[in-house]
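Report on the following structure.
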Amino acid sequence: MGVQQSTQQGLLKSSGLVLVSTRSAPPPRTEVESERCIVWSSVTVDWPHTRLENDDGQFQLASRLEQVKQSLCEQAKASGCNAVLGMNFTVARDRCQKSLDVRSATVAMMGQCVVLRDVD
């Protein structure tokens, strides 16, 4: 499942099946038919002796964000939704006090699961 940037800023689609948006309002020419549950997902990853600021750490973080987003989309589909609105995420890092090396990072994401319908 790849991520495509939509022409509307703040919208992401996963394989065209579930819309994930940082906006809480529905996209143009759509309306919320029904609201369902809040969905959330998280993953914690160990980073022994690796700083997040290097290229490898950034790649790992980006892949974890994608992993968590895919989990969000799967939960939305399982709930009968075609969109997650108001998506937000956070990254919490646990650093070693002496070397400032990142020991682990937790990526969490959540949003409102909804059913969107097209408006004429």
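Taken together, the values in this text are just the output of simple stated rules run on the coordinates, not laboratory data. Computed from a predicted model, the values in this text were never measured in an experiment. In this analysis, Cβ positions are derived from the backbone assuming ideal geometry, glycine residues included, and neighbour counts consider all displayed protein chains.
Please list 3J(HN,Hα) in residue order for the range 107-120, calculated via the Karplus relation 6.51 cos²θ - 1.76 cosθ + 1.60 where θ = phi - 60°; whole Hz, with x for glycine and proline.
Per residue, the Karplus-derived 3J(HN,Hα) values read 10, 10, 9, 8, x, 8, 7, 9, 10, 9, 9, 6, 10, 6 Hz.
Using a 10 Å cut-off on Cβ atoms, rank the peptides 30-39, 81-90 from the highest mean neighbour count down. Kindly include the intermediate steps, with their values, before the conclusion.
Numbers: 30-39: 13.9, 81-90: 19.0.
So the peptides 30-39, 81-90, ranked by packing, come out 81-90, 30-39.
Compute the length gained on full extension between SER63 and ASP118: take 0.36 nm times their separation in residues and subtract their Cα-Cα distance, giving the result in nm to one decimal.
Answer, rounded to one decimal: 16.6 nm.
By counting other Cβ atoms within 10 Å of each Cβ, how are LEU72, LEU116, LEU17 ranked from fewest to most? It would help to have the intermediate numbers written out before the result.
Numbers: LEU72 23, LEU116 18, LEU17 12.
Fewest-to-most ranking of LEU72, LEU116, LEU17: LEU17, LEU116, LEU72.
In terms of modelled amide H atoms, which long-range or inter-chain residues lie less than 5 Å from the amide H of LEU19?
Long-range HN contacts for LEU19: ALA83, VAL84.
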